[in-house]
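A short write-up of the structure that comes next.
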């Protein structure tokens, strides 16, 4: 019972720090966020922060892992051979309306966060099992960079120019499964 209470307290403190961080990044550039200010907004103390994280970067990695876990849960609901569905789940996450998530994914202060998130999602076994030939495994990140690039280009279009995400995901899956020759006419 005591372990469960501790776990609940730990989770509550970590969530408080994440929420406070989310509030701060909408108002303050990352490099100006201090642990003291973060703790104050979280209504906790600096010592509590350091009992959970060594650095602000560790907090960011914890947030990023939470995002990866959200995508993983969506992938778990899919047939393992549904690459278009997997890409769609990824695109839907990237297409968030949440201001904090948008800032972390697309804010100039968080480019490394975005790269790490994309790499971690594309390293999930759901995606990696589509490349079974070990001789080509090192090329897989390039394909998934292309998948991400397709989404980022789509995101820059005006809403009336954007095709539906399921169609975009299907095209991206076709590129991976068939290579560039599958889409060239």
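Below is a table of values for the structure above.
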item: Under the Debye formula (equal points on every Cα, no solvent term), log10 I(q)/I(0) of the stretch 62-111 at q = 0.18, 0.24 Å⁻¹; result: -0.60, -0.92
item: For q = 0.16, 0.18, 0.19 Å⁻¹, Debye-computed log10 I/I(0) when each Cα of the chain counts as one equal scatterer; result: -1.03, -1.18, -1.25
item: 5 Å-binned pair-distance histogram of the stretch 7-53 (Cα, whole percent); result: 5, 25, 35, 22, 10, 3, 1
item: With Cα atoms, 0 to 90° folded angle of helix 83-94 axis to the chain main axis; result: 40
item: With Cα atoms, 0 to 90° folded angle of helix 140-156 axis to the chain main axis; result: 80
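Here, each number is a calculation from the coordinates, and none is a lab measurement. Quick caveat, the model's predicted, so the values are computed rather than measured.
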